[in-house]
Every structure is written in structure tokens, then in C-alpha cells.
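Each reported figure results from applying straightforward, stated rules to the coordinates on display, with no laboratory input. These numbers were taken from a predicted model, which means no experiment stands behind them. Don't worry about glycine lacking a Cβ; one is built from the backbone with ideal geometry, like all the others, and counts go over all protein chains shown.
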Amino acid sequence: MTLQFPATSKEKAALEEGGVFTPRFDANGLVTAVVTDAADGMLLMVAHMNAEALALTIETGIAHYWSRSRGSLWKKGETSGNFQHVVELRTDCDQDAVWLRVKVTGHDATCHTGRRSCFYRMVGLKDGVATLSADGTQPLFDADKVYRKE
């Protein structure tokens, strides 16, 4: 049986200070999920969860997300072996975003490029043009081999 969430409270005090988790899903049925490493706080990724993904995450302790590009539920690490074990799950003041502090097993990589974090490029400005530069982070596994579709 999957965990069900109660209807979101319309009362501000209940939403911000109450003891019942009533996530506020957007018009597409999603909440934003910010994911950091539980040990060192490094930002690993930002994703989205629908009610099913959020319920499965709470029930199993393994992070699940909703892939907007594929239009499907995904258990993080199912293909790569880099599972995200939830150490702590928090919500923000108005319950429309969640923060997962995780321990990653496998290669300790979260990004589908094989890197530890999805945030491996820095945005800059050169001659009025926004540019990207790599931070030097190298992949921890060969993403082409891990995600090869045969």
C-alpha cells in the first residue's frame, strides 16, 4: 500500500508550523527536490518528485524521482548502481520543495555523465555572452557503458 498525503492545508499556520506533511505539488503534480551529500553537504542534483516518487522515497529510504523528459518514475541508481540512500528528508516553509540529504553507494556519482554532482560547470560572462567552463571534475565511471541501450 502506497503512502497517501493529506490535502494541503489552506491555513498558513498549519502549513508553516504544523506537524502534518502536506506537500504542495505544482500544476504538473510535482515538487522540486534538492539533493545534497549527507556527509559533506555538496549539492548533487535538483530533480522533481510526484506523489508516488515522494511516497516511495519515504517508504523505502531510497530516492525516487519523476523524470519530466521521459515522463516516468525512476528509482535513482536502478541502472547505474549509484543508489541514493536518504539520511534525512526536509521540506521548506510552504511545503512546495523538499531537501534530501543522501549517502550515495556505488561509484559515489549522481550525474548521468558519471560525475559526482550534476553541477560541474560554472557560468561566466565574456564579451557580453554567457559562457560555461568546467570545474575540472572528472567522471567516476564510463557513462556510455553504464547507460548503453542495447
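The table below gives the values:
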read-out: Non-local Lys pairs in the chain, i.e. 8 or more apart or on different chains, that have alpha carbons under 21 Å apart; value: 6
read-out: Average Cα contact separation per residue, the chain, under 8 Å, 6 or more apart, as relative contact order %; value: 19
read-out: Cβ-based exposure ranking for L44, L89, L73, in which fewest neighbours within 10 Å come first; value: L73, L89, L44
read-out: Virtual spin-label span in nm between L43 and V20, 7 Å along Cα→Cβ; value: 3.4
read-out: Cβ crowding within 10 Å averaged over residues, with 98-106, 35-43, 121-129 ranked highest first; value: 98-106, 35-43, 121-129
read-out: Residue of N50, N82, N28 that the Gaussian network model of the chain assigns the largest fluctuation, springs spanning Cα pairs under 10 Å; value: N28
read-out: Cysteines without a disulfide-compatible partner [the chain; Cβ-Cβ under 4.7 Å]; value: C93
read-out: Residue order, fewest to most beta carbons within 10 Å, for C111, C93, C118; value: C93, C118, C111
read-out: Extension reserve of the F119-K103 stretch, reckoned as 0.36 nm per residue once the Cα distance is removed; value: 4.0 nm
read-out: Rg and Dmax of the stretch 12-145, Cα atoms only, in Å; value: 16.3, 51
